[in-house]
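Just so it is clear, none of the values below were taken in a lab; they were calculated from the coordinates. Keep in mind that what you see is a predicted model, and the values were worked out from it rather than measured. Every residue, glycine among them, receives a Cβ derived from its backbone with ideal geometry; neighbour counts consider all protein chains shown.
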């Protein structure tokens, strides 16, 4: 849900898009030809790392209101919480909550001087010690100074020791041995029990933004203080109004902000769940930018035709997939899950979602690294290839015999639910394609639309699904996604998958301090995750935006974190 794929989190997001309908069953689809694959690789190489119309701060116009849309309105604004670990929530927290380290387009982290004046990563007495020196001026909007206690509270709430807290991920936090005061209350000394190479992802959107200790120190505060409200902030903007009725967040400059004054006077986020409606609002001048989701060629075409607008696209660590509930009545048997995997033609779904999107038609063969990452290896093996006959053989062996249209075992019909959010044509089409493919294998699939605002918290988190499509929004630090999403017992392991071999492989990867070895170990873990059939990767998700040409320092950001003081207009 958030993330770099960093320790702690991959942000989940709904892909709310209009899909171009593909063919029927999986047997009609063909693997992309060698020429198509080469073309996709060429497109991938030509797609920029970021596209935000970078303009120096001094050249950005002072003033103005930027109006943007988000797809899903949150109830939980505590980004550490499993219920608050959504991409849209992190997006709205960026201008108002602290990020101690910032990533650039190359996924390189540097200290954020607005919050920290010095950061040291050292080895002391054989242990990794990271020391943050907080900016003397840094304070919360209620006037409380920002101190080492805020970092300590985040560690204690998220490290997994107190089961009453519900963090999106414990990764990284569970490797911290202590958080202590240094020379002053502005110095936090963090000692790790084990080396943690991805420490830069702590205290930013890679895990979650820093929150005031007062509001996350107890399980009750952690659950309730930021539930449907934002009691304290610390950024260039502050909350003017959080309107639950219209699902609109209005931010204005914070006069108490100690850093560079934000160029914008005001920043407005409106919840528009329907992506076509978002593009319409952009075309009508109601929004200054609109994200174009996969499977929405009509939206892309319309955005390109908006006067004074341009398309900004970049490669991002975000990916589309189908999560497979390992605890489902019908899917507890790994061989059955593998049969489902074999019966789903990933190429068909990928081509359907990305058709006419001017984006590489390339399936994803890795749960950790994206196609353009140096660590990427296609680990999908045979399981990643559509093989209807193999699916049928596995189902027969598992005792699921074809009886008429569908398979049965002990008199029970093999029937799965494919849960999708309403008003989400891409997910609807993915469901219809999956339904047709699995029918050929003798598996009945019922598409089950649920309210978009309840899709994540009430269905995915609670495990109320057999198959469910959504997207993980990654971070510049991919290894953290391993324990967050795939480790036994993690709050974000939504299919509740569990395999000691996978857990051991994950531990080996995230504990390795040599970057090259860590990549090799992560790929070894990925092979086991494919075998477990936890998640069926589809493709690296497009980051495509329609943006007014006069908007500066905003758009398709890739790995780069926004500098919200510099976002604004050039004219």
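Values computed for the structure shown
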read-out	value
Cβ-derived FRET efficiency at R0 56 Å, residue 550 paired with residue 329, nearest 0.05	0.55
Theoretical FRET efficiency, 1/(1+(r/R0)^6), r = Cβ-Cβ of residue 57 and residue 508, R0 41 Å, to 0.05	0.40
Under 18 Å from the residue 261 label point (7 Å along Cα→beta-carbon), backbone N, the stretch 62-100	62-66
Contact order relative to length of the stretch 319-540, as percent, for alpha carbon pairs under 8 angstrom and 6 or more apart	33 percent
Globularity index of the chain, i.e. its alpha-carbon radius of gyration over 2.2 N^0.38 Å	0.94
Rounded to 10°, Cα long-axis angle of helix 515-532 versus longest principal axis of the chain	40 degrees
Added length on full extension, which subtracts the Cα-Cα distance from 0.36 nm per residue, residue 496 to residue 389	35.7 nm
Average Cα contact separation per residue, the chain, under 8 Å, 6 or more apart, as relative contact order %	27 percent
Mean separation of Cα contacts under 8 Å, 6 or more apart, over the residue count of the stretch 343-417: relative contact order %	21 percent
Debye equation applied to the C-alpha atoms of the stretch 208-271, log10 I(q)/I(0) at 0.13, 0.16, 0.21 Å⁻¹	-0.42, -0.63, -0.95
Residue 246 versus residue 358: modelled label distance in nm, points set 7 Å from Cα along the beta carbon direction	3.3 nm
Semi-axes of the equivalent ellipsoid for the stretch 319-540, Cα gyration tensor, largest first, Å	27, 20, 17
The chain: antiparallel DSSP beta bridges as a percent of all, rounded to 5	85 percent
Separation between Cα centres of the stretch 531-571 and the stretch 470-489, rounded to whole Å	19 Å
Within the stretch 186-207, backbone nitrogen closer than 18 Å to the virtual label 7 Å beyond the Cα of residue 117 toward Cβ	186-189
Efficiency of FRET from Cβ geometry, residue 280 and residue 224, R₀ 51 Å, rounded to 0.05	0.90
Estimated inter-spin distance, residue 187 and residue 444, nm [label 7 Å along Cα→Cβ]	6.8 nm
Residues 468, 179 arranged by fewest to most Cβ contacts within 10 Å	179, 468
Cα gyration tensor, the stretch 259-327 - rounded (a/c under 1.5), prolate or oblate	oblate
Degrees separating the helix 148-158 axis from the principal Cα axis of the chain, which is the longest one	20 degrees
Estimated [θ] at 222 nm from DSSP helical runs (n ≥ 4, -39500 (n - 2.57)) normalised by residues in the chain, nearest 500	-7000 deg cm²/dmol
Using alpha-carbon coordinates, inclination of helix 500-511 to the longest axis of the chain, degrees	30 degrees
